[in-house]
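Some notes on the structure that comes next.
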Amino acid sequence: MTPVCRKLNSVLFAMAVAAALMFCGSATAQEQKYLYRATLLQAAPGRLLELIALCKSKADRDIKVGDQPSLVIRHSQGDHWDLLLLTPMESYSEYYQPGRILARDPGEGAERWLTKFLPTIAWREDVLVYGPPLVDLQKAFAAGTFYHVEMMEALPGRLSDLRREREMENAYSKELKRPENFIFMRDQGAVWDIFTIGVYRDLKHYAESVDIPVKLQEEAAKKAGFDSASAIGPFLRTLIRSHHDTLAVAVK
């Protein structure tokens with residue numbers, strides 16, 4: 001083998017090792033993320049307030065059996081669902097411990113609750129996702145009252161690129177001192193590969209981005225890896241099959 005070939009093989013081997021280490025690191029980070037069940041609900045006609053009241057009563061039941069109550073937000077504009085419930089699970093092994101399963105199903109009490117709950121729903125969709133630590137999400141939801149939810153399906157082979165794009169947008173927002181989005185990655189369930197939630201104090205806080213000077217937007221976009229601020233949206237659309245936006249408000 002010539003010296004050039006040996007050198008090339010060494011380079012290729014080093015690249016392979018680096019790729020393997022990156023994969024292992026990524027897998028480890030994914031295992032450490034917090035598991036949630038995201039439930040989208042559309043109320044039966046005329047029964048939205050009843051459904052909200054039942055979701056609040058479910059929170060009381062969760063606390064009694066040792067579960068974390070769901071974080072709930074209500075649609076304002078955009079997609080067709082009325083409520084998004086984020087149920088903290090931590091992990092499959094924790095959430096589905098035999099004792100916790102039994103505690104959630106105390107017989108007739110659970111059946112009576114479901115008897116009231118199910119007729120208030122016209123449509124439901126669930127997706128299990130890995131997301132940020134629960135304490136970070138709870139802190140943001142406690143302070144915020146307005147939300148921007150983006151739900152996306154990646155094009156084939158572009159999921160990792162889509163995740164990276166979401167991180168780039170967070171870097172862009174951070175540079176402009178704007179709230180970063182919480183990122184949730186699908187594990188199983190509905191079709192959404194990724195969804196993000198931006199949490200804001202109120203509608204005015206959400207709209208403040210229009211007052212940021214164009215020069216600062218351009219600098220932040222390039223620093224985050226985009227060609228320009230105006231290229232962010234078109235670049236995202238090279239990675240996705242579908243994209244649903246929703247503005248939402250707090251349910252407290």
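Readers should treat all values here as calculations from the given coordinates under stated rules, not as data from a laboratory. Just so it is clear, the structure is predicted and the values come from calculations on it, not from any experiment. All Cβ positions, even for glycine, are placed from backbone atoms using ideal geometry, and neighbour counts span all protein chains on display.
Could you give the angle, 0 to 90 degrees to the nearest 10, between helix 134-143's Cα long axis and the longest principal axis of the Cα atoms of the chain?
Between helix and principal axis, roughly 70 degrees.
How large is the helix-only mean residue ellipticity at 222 nm for the chain, computed as the sum of -39500 (n - 2.57) over DSSP H runs with n ≥ 4, divided by its residue count, in deg cm²/dmol to the nearest 500?
-14000 deg cm²/dmol, from helical runs alone.
Hey, can you grab everything whose amide H is under 5 Å from the amide H of Ala190? Only 5+ residues off in sequence or another chain; H modelled, so Pro and N-termini drop out.
It is Asp126, Val127, Leu128, by chain and number.
Does the stretch 117-225 come out rounded, prolate or oblate, given a ≥ b ≥ c as the square roots of the eigenvalues of its C-alpha gyration tensor, rounded meaning a/c under 1.5 and, failing that, prolate meaning a/b above b/c?
Since a/c reaches 1.5 but b/c is at least a/b, the shape of the stretch 117-225 is classed as oblate.
For helix 214-224, what angle does its Cα long axis make with the longest principal axis of the chain, in degrees from 0 to 90 and rounded to 10?
80 degrees
Say the cut-off is 31 Å between C-alpha atoms; which of Lys64/Lys139; Lys177/Lys252; Lys33/Lys116 go over it?
Cα-Cα > 31 Å for Lys33/Lys116; rest within.
Find out how many positive minus negative residues lie around Ala59, taking Lys and Arg as positive, Asp and Glu as negative, among other residues whose Cβ is under 11 Å from that of Ala59.
+2
So how tilted is helix 108-117 from the main axis of the chain? Cα-based, degrees 0 to 90, rounded to 10.
In the chain, helix 108-117 runs at an angle near 80 degrees to the longest axis.
Hey, can you rank 208-219, 165-176, 46-57 by average C-beta count inside 10 Å, highest first?
Order by mean packing, descending: 165-176, 46-57, 208-219.
Work out how far the C-alpha atoms of the stretch 36-75 reach from end to end along every principal axis, then list the three figures in whole Å, largest first.
Extents along the principal axes: 33, 19, 12 Å.
When only alpha-carbon atoms count, how far does the chain stretch along each of its three principal axes, as whole angstroms with the largest first?
Extents along the principal axes, in whole Å: 78, 49, 30.
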